[in-house]
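Taking it in order: structure first as structure tokens, then the write-up.
We did not get these values from a lab; they are worked out from the coordinates using the rules stated. Computed from a predicted model, the values in this text were never measured in an experiment. A quick note on method: Cβ atoms are made from the backbone with ideal geometry, for glycine too, and the neighbour counts reach across all protein chains shown.
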């Protein structure tokens, strides 16, 4: 057998093995997943406590008509130390806005199975500002940031919905910038629109202060996001995103990922569904105490990125397309 024949035979066997592996992966993924997510919610996660009357009250649904202008969803896992400054800044801004304009709001703190004093802390704010303005959704077990944000969104009353990280890394008053961008897209909560905060303009400063290893991980992650999922946006991971009620309902009822890569799936669906989206530079600073471990968390996110692309590509996960709202 000549070298050319050996080479061709090797290619043939390699192709056969690859085909078998690919078919096996497709079969496994389709058998282990459902086209649409099964959103499980414990009975006690359907209510919130009013600390002023010590009574549990049922949360509304994203399916209901909105009754406030803005819902702020704050996912929190063991954030007893970092969350107070964020809530203080958030409430100062929202209270000033509500007094200056005809503006109503609510904050939903979603404790993602916290084992510290996160819930007790949030209830103090709820007692002070009343449950009309601050509510606490306590999850029975840790679901991941995406799972916490999803259940907060599904329990919200707002015409527009913002999710903001509990660490307060983003300057909350930059919400004005997001609102301006949202209004440039449309001015109706019945239409789909998404505006995301972005730290892309800060990337060079971050590189100057990070180790070479973390810089390598950052660029590697950005490449994988571009390769497998989102190509029109630079920063998928900033925890400061504003959605109309229509867009939130359309997206969070069909998303599968509940861990850190949920932002990528969210924006992947935004692109696939052709939902209008804008990226807005925000003021951001690093806050100590991140729950992400640089290597293992990024490795898991890399796996999740591939699975997002693969499962949607083979039809194991379904992209639900609906007709746009018209008025």
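Laid out as a table, the results:
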read-out: Equivalent ellipsoid semi-axes, region 44-107, via Cα gyration tensor eigenvalues times 5, rooted, Å; value: 21, 19, 12
read-out: In degrees, nearest ten, helix 3-32 long axis to first principal axis of the chain (Cα); value: 30 degrees
read-out: Rg over Rh, two decimals, region 1-54 (C-alpha only, Kirkwood Rh); value: 1.61
read-out: Per residue convex hull volume, Cα atoms of region 103-185, in Å³; value: 115 Å³
read-out: Region 43-314: antiparallel DSSP beta bridges as a percent of all, rounded to 5; value: 35 percent
read-out: Spread of Cα-to-Cα distances over 10 Å intervals beginning at zero, given as percent, for region 19-163; value: 11, 38, 29, 11, 7, 3, 0
read-out: Computed [θ] at 222 nm, deg cm²/dmol, the chain (DSSP H ≥ 4; -39,500 (n - 2.57); rounded to nearest 500); value: -14500 deg cm²/dmol
read-out: Acute angle (nearest 10 degrees) that the helix 212-228 long axis makes with the longest principal axis of the chain, alpha-carbon atoms; value: 80 degrees
read-out: Proxy reagent accessibility, fewest Cβ within 10 Å first, across 89, 279; value: 89, 279
read-out: Hydrodynamic radius (Kirkwood) for region 138-202, which is based on Cα pairs only, to one decimal in Å; value: 13.8 Å
read-out: Taking 111, 15, 290 and counting other C-beta atoms within 10 Å, the order from fewest to most; value: 15, 290, 111
read-out: Potential extension, residue 259-residue 313 segment - 0.36 nm per residue separation minus Cα distance; value: 17.4 nm
read-out: Extension gain from residue 116 to residue 17, taking 0.36 nm per residue of separation minus the Cα-Cα distance; value: 30.6 nm
read-out: Rh (Kirkwood; distinct C-alpha pairs) - region 214-315, Å; value: 14.6 Å
read-out: Helix 118-129 axis, angle to the chain major axis (alpha carbon atoms, nearest 10°); value: 40 degrees
read-out: Segments 46-53, 265-272, 73-80 sorted - mean Cβ within 10 Å per residue, highest first; value: 73-80, 265-272, 46-53
read-out: Value of relative contact order over region 43-314, rounded to a whole percent, pairs C-alpha under 8 Å and six or more apart; value: 22 percent
read-out: Over the chain - Rg/Rh using Cα atoms and the Kirkwood inverse-distance radius; value: 1.02
read-out: Mean Cβ neighbour count within 10 Å, used as a protection proxy, ranking 254-261, 112-119 highest first; value: 254-261, 112-119
read-out: Least to most buried among 128, 311 (fewest other Cβ within 10 Å first); value: 128, 311
read-out: Spin-label pair residue 201/residue 65, simplified geometry with 7 Å Cα→Cβ offset, distance in nm; value: 4.0 nm
read-out: Ellipsoid equivalent to region 94-252 - semi-axes via the Cα gyration tensor, in Å; value: 28, 21, 16
read-out: Selected from 31, 61, 126 as most flexible by GNM, with the chain as the system and alpha-carbon contacts under 10 Å; value: 31
read-out: Cβ-derived FRET efficiency at R0 35 Å, residue 223 paired with residue 41, nearest 0.05; value: 0.45
read-out: Nitroxide proxy distance, nm - points 7 Å out along Cα→Cβ at residue 57 and residue 232; value: 3.9 nm
read-out: Percent of alpha-carbon pairs separated by more than 18 Å within region 70-132; value: 33 percent
